[in-house]
Amino acid sequence: MHGISMQFNKKYLFIALALAALLFVAGCTNFFEPGQVSDCEKLQTETEQENCYMQVAANYKDLSVCDKILGLSFREGCYSSIGISKPDLSICEKISDQNEKYGCYSGVAFNTRNLSICEELIQDQYWKEHCYSGMATAKLDPSLCEKIQGQLEKDRCYESVALFKRDPSLCEKIQSQAWKDNCYSDVASAASMLK
């Protein structure tokens, strides 16, 4: 009986030591996950703080947290993230970098399924076509791909809509043979995953 008691105590001792070791390792490792702005302010470097602010702002969709970010590109990236997630065009307006602003507009258009944003607010051809492609996918409407002038982006648009609709007939509209073959393959793979 004494042997069983001793074995039982060793088992608990081993578990206690394992837990102590685990707590020690966890304490020595940075498992930081921001919850509040005050957590970010405790971090040592400006880069760590800015990344933390971006995470807190995204978690709470709180634009005021973005204003704590000193670096302009990080701050505007934060604005874009919040503008897209809310979705709110007025937040995109706070962005001075045209590429970041157009990316924000495009994201808001996608989330709201509002085609007029692509047509009226985006002046840059690349971003306008990117927006049309996103809208075609969001609305599962291949006719929107026709608004795209660049053949590569148009091919991508048809492939994306074909994939999400699981409609291989749309692959036929793709000009590039390589993209067309890829489209057929991707649609077939997607369809087989549903079976």
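Of all residues in segment 36-61 being charged (D, E, K, R) and closer than 22 Å to N99 by Cα, which is farthest from the chain's Cα centre (by Cα)? Among those that are charged (D, E, K, R) and closer than 22 Å to N99 by Cα, it is E50. Note on segment 83-120: residues that are buried (at least 20 other Cβ atoms within 10 Å of the Cβ) and either over 21 Å from S73 (Cα atoms) or basic (K, R) (or both) amount to 5.
What about S80, is it surrounded by 17 or more Cβ atoms within 10 Å (Cβ to Cβ), modelled with pLDDT of 95 or more and under 28 Å from K42 (Cα atoms)? Yes: the conditions hold for S80. When the test is whether a residue is of a type in the set (A, V, I, L, M), under 30 Å from Q98 (Cβ atoms) and under 26 Å from the mean Cα position of the chain (by Cα), M135 passes it.
The values are calculated or read from the model by the stated rules, or taken from the named source; none is laboratory data. Treat the numbers as computed from the prediction; the structure is a model and nothing was measured. Don't worry about glycine lacking a Cβ; one is built from the backbone with ideal geometry, like all the others, and counts go over all protein chains shown.
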